[in-house]
Amino acid sequence: MGYLFNHIAKILGAKVKIVADSSIDHIFFDSRKVFFPSTSLFIALKGPRRNGHNFLPDLYKKGVRNFIVCEEIDPAEYPEANILFVKDGLKALQQLAAYHRKQFNIPVIGITGSNGKTIVKEWLYQLLQPNFNIVRSPKSYNSQIGVPLSVWEMNTMHTLGIFEAGISQPGEMDKLNEIIQPTIGILTNIGEAHSEGFESMDQKVQEKIKLFNTAELVIYCSDEWLADKAIVLKYESISHKTGKYPFRILSWGKIQKADLQVLEINKKQDRTEIIASYQNSETAIQIPFTDDASIQNAITCWCVMLHFGIKDTVIAKRMKLLQPVNMRLELKKGINHCTIINDSYSADLNSLHIALDFLKQMGGVAKSTIILSDFFQTGMNDEELYVRIAADLSQHKIDRVIGIGLNISKYLKFENDSSTHTIQSEFYSSTEDFISRFRFSDFRDEAILVKGARVFCFEQIIQFLELKVHQTELEINLNAVAHNLQQYQKLLQPSTKLMAMVKAFAYGSGGAEIANTLQYHKVDYLGVAYADEGMELRKAGIKLPMMVMNAEKETFEALVNHQLEPVIFSFAMLRSLDGFLKREGIKNYPVHLEIETGMNRLGFAIQDMENLCKEIKVTSSFRVQSVFSHLAASEDPMQDEFSNRQHDLFTHACTLLQNYLGYKMLRHLANSAAILRHPQMQLDMVRLGIGLYGVDSAMSGKLDLQPVATLKSTIAQIRQLKAGETVGYNRKGIIEKDSIIATVSIGYADGFTRKFGNGAGKILVRGHLAPVIGTVCMDMTMIDVTDVPGVKQGDEAIIFGREISIQDLANWAGTIPYEIMTGISERVKRVYYEE
């Protein structure tokens, strides 16, 4: 459902410059995601670090011809563009989405709460698909920007909308309510999550239920007294003022007044039976989950199905088939140097577009392949559906498509010609058909997206494509990387650039994958330790400027060939590199200078500045890009006087260099801790290292950092031992009482150091910390799980992550988080995901 540009101008009441009225199908604000330029409208949003107006020239070159701006620009620079001038780009986006929502008279479910919003939304999608053609929020699009983009996806074929609404401070929900305009409101629960912006829990729940101002029905758990009190008071207040019933209530809970009264919850090993009373009749469902959160979310969905009049037998049947919601795209290493992106649990147009974005973001320069199944219940006829899929694949410049299913085989076609990108395609009738003809040699040096409806069981294909490695895994949350980056960016002056340190295999997290994420989020520079690290990143398609901190004479040719910028820290290196560049006839090669101010490791001494300036001045080989130094103790308040002295020495050296050489260069001194503790040291650029990976080296508690990495393994075996028996080499682990001992598939060859032996270290199993017993072996570690209820072979064992911090492990081992992170062996499989 498109709008003419002139119509949008009238909706917004905006000043307009129209060259040729055009139809708008897509709205976007992220300049990196241009796939349908001729029918897209770019809204230039202004943030604390990024200004969308800065990307207008590049977007215009890419073919975008429709813009909403909130700054003065020269229309003559965009002669073929239609431009709307508004006061606030975000308000314009929200106003346009609210107008679009008003064009539809269909049931719309608005979901809010502290937790469970996305799970409830996705389960309702699974449960109600046979009855409705559903439009829903992609992923967790529940913010002031995400909600209007989600609602914009509504079209005339949809018969039900399901949208999330999340808020972090008062006043936000009023705007989201105007956009979603739900007919059915769901409050999942009220918890501590995202409470920072509210004075109290009372205020938080009052703000959240503003989503229900225009709802006809509200569904919530009446056992939660805060929610129950707030909703009942809202109901009574409105009815008292208007003399009308504002909305109906469908509550669930164990208390007798609940509309769906829960009578029994019987947990079995792998499923839960829930017995309840509804409208004086007893009814029951079974779900394939046993955790409390899933039980609560399933009951909420049950209420929605009851409201829609779906029969008890149908509800019970569908509830048994509920699938876990995988809210993340996983990136894994595959056979023959391939990269595998696993999205083998859904097939719809919105999630396809998101997965293709991720494929192009993480695939670098590699050839791209997608394995795709039939799409079901989209509300479109098959011809129209697969034309749209083909267009999306073409816009993302996919190289090869493998279609699996009868419909995709029949309808997916590409109009390849010599003037456009050519897509190879092959088709199979079923997953079994594809597997029967699978050849390992058909997949090599490419990025492969595997995406399909659950019924196609594409996890079988993943097993063929995935590289079989050690079962211990290091999971890397790429969303957390981006989140932590933004936490530090908020502390910077708008003019201060940021260099992200990805040395030492990105602190053990995986260089290329982390660098791809940082490049996507537009950091200014990357820092690596050695030339070979930079070369690998260039091969992976990383184009950012890159500083090499420890360049060696033998790597000078590789540096130049890969456009890597070396650090010069001694006169010997300066003269050696100068000689190489002169022999190659290269002038003004970008270099970085390291100044020694107190670390006493590497760098030019302050007293050497005059001679350094003279040697650089007389050669045309170099152009100094930046000058930097290392703070020795920026995280330690006891050393602030020393840190300030380092800063003074450094700025003095920079002044001498710039005055003598006659040009300015970037100055950078602040590391992760100094960004927070010493804002006066930001200068022209900062270097963000360990903080990017979720470790607050300043121990400030002021940053909302998220752990990036989770190291996990599994329990390989469990045995019962009697008092007096021993465990491990040299019989170091002595059993003092009858105990249950588990062997975990991780050892010092994986990076789990021997310092954790004999009770020093602990591993999390089923939410309980189990101490290490005996010495840590090369490939195995034994832990005492006597006090862990229900432990069994195959259980997950968490070494560090959200529940156990890297700082905890460092304390146990008497070391620092850097050593723990960089010590994780490369034989440990890295799994990258985006939620």
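The values are calculated or read from the model by the stated rules, or taken from the named source; none is laboratory data. Just so it is clear, the model here is predicted, and its values are computed rather than measured. Note that we place each Cβ from the backbone using ideal geometry, even for glycine, and neighbour counts take in every protein chain shown. All accessible areas refer to the heavy atoms of the entire protein, side chains included, with ligands and DNA or RNA removed. Shrake-Rupley method; radii C 1.70, N 1.55, O 1.52, S 1.80 Å.
Side notes on the structure shown:
- Accessible area per residue, Å², the chain with all protein chains present, probe 1.4 Å: 44
- The convex hull of the Cα atoms of the stretch 1-93, projected and averaged over all directions, covers 5.5 nm².
- For the chain, the mean residue ellipticity at 222 nm estimated from helices alone is -9000 deg cm²/dmol, where every DSSP H run of n ≥ 4 contributes -39500 (n - 2.57) and the total is divided by all residues, rounded to the nearest 500.
- Bridges between two residues of the chain, per DSSP, are antiparallel at a rate of about 40%.
- Between I11 and R454, the distance separating the two model label sites (each 7 Å from Cα on the Cα→Cβ line) works out to 3.4 nm.
- On the beta carbon distance between K522 and K91, with R0 = 30 Å, the FRET formula returns roughly 0.75.
- Highest-first packing order for the peptide set 761-769, 587-595, 617-625 is 587-595, 761-769, 617-625, based on the mean count of other beta carbon atoms within 10 Å.
- Shown for the stretch 650-696: the carbon plus sulfur share of the solvent-accessible area, taken with all protein chains present and a 1.4 angstrom probe, equals 51%.
- Extension gain for the segment D608 to W225, taken as residue separation times 0.36 nm less the Cα-Cα distance, is 130.8 nm to one decimal.
- Percent RCO, i.e. relative contact order, over the stretch 675-830, from Cα pairs under 8 Å lying at least 6 residues apart: 23
- Relative contact order computed over the chain (Cα-Cα under 8 Å; 6+ residues apart), in percent: 8
- Phi-based couplings in Hz for the stretch 711-726 (Karplus 6.51, -1.76, 1.60; Gly and Pro marked x): 9, 9, 9, 9, 7, 7, 7, 10, 9, 9, 10, 8, 4, x, 6, 10
- The residue list A632, F650, A572 was ranked by how far each Cα lies along the charge dipole of the stretch 568-652 toward its positive end, using unit charges on Cβ atoms, and A572 comes out on top.
- Efficiency of FRET between R50 and Q706 - r from beta-carbon atoms, R0 22 angstrom, step 0.05: 0.60
- Neighbour net charge for D795 - beta-carbon separation under 12 angstrom, K R +1, D E -1: +2
- FRET efficiency estimate (nearest 0.05) - Cβ-Cβ, K755 to I718, R0 25 angstrom: 0.50
- Accessible surface comparison of I106, I461, probe 1.4 Å, protein chains only, largest first: the order is I106, I461.
- Candidate cross-link partners of K732 among the aspartates and glutamates, defined by an alpha-carbon separation under 16 Å and a same-chain spacing of 8 or more, comprise D784.
- Amide H contacts under 5 Å for V218, placed H, 5+ residues apart: G185, R248, I249, L250
- Based on alpha carbons, the Rg and Dmax found for the stretch 732-835 are 13.5, 45 Å.
- Two-decimal ratio, the chain, of alpha-carbon radius of gyration to 2.2 N^0.38 Å: 1.04
- The aspartates and glutamates whose alpha-carbon is closer than 13 Å to the alpha-carbon of K117, local same-chain residues fewer than 8 away aside, are E164.
- Positive contributions from Lys and Arg (+1) and negative ones from Asp and Glu (-1), summed over other residues with Cβ under 11 Å from the Cβ of G197, come out at -3.
- The lysines whose alpha-carbon is closer than 24 Å to the alpha-carbon of K91, local same-chain residues fewer than 8 away aside, are K10, K15, K17, K33, K46, K102, K139, K175, K204, K208, K210, K490.
- In the stretch 210-252, a dipole from Cβ-located charges (positive for Lys and Arg, negative for Asp and Glu) runs towards its positive end, and of Y220, I231, T242 it is T242 whose Cα lies farthest in that direction.
- Point-charge dipole on Cβ atoms (K/R +1, D/E -1) for the chain, about Cα centre, debye to 20: 600
- Solvent accessible area, Å² - E834, 1.4 Å probe, full protein context: 30
- 15 Å Cα cut-off, lysine pairs counted over the stretch 224-340 (separation 8 or more, or different chains): 5
- Here the accessible area of the stretch 704-823 is 48 percent carbon and sulfur, with a 1.4 angstrom probe and all protein chains present.
- The value obtained for the stretch 232-383, namely the Cα convex hull volume divided by the number of residues, is 213 Å³ per residue.
- Extending 7 Å from the Cα toward the beta-carbon at both Q203 and T726 defines two label points whose distance is 6.2 nm.
- Label-point separation in nm, K543 to K664, each point 7 Å along Cα→Cβ: 2.6
- Contour excess over end-to-end distance, with Cα ends at K553 and E826 and 0.36 nm allotted per residue: 95.6 nm
- Lys/Arg +1, Asp/Glu -1 at C-beta; the chain dipole; positive extreme among G146, I824, L12: L12
- Shape class for the stretch 632-726, computed from the alpha carbon gyration tensor (a ≥ b ≥ c): prolate, with a/c not under 1.5 and a/b above b/c.
- Gain on full extension, evaluated as 0.36 nm per residue between R623 and K241 minus their Cα-Cα distance, stands at 130.2 nm.
- Expressed as a whole percent, the accessible area of the stretch 384-459 that falls on carbon and sulfur atoms is 49 (1.4 Å probe).
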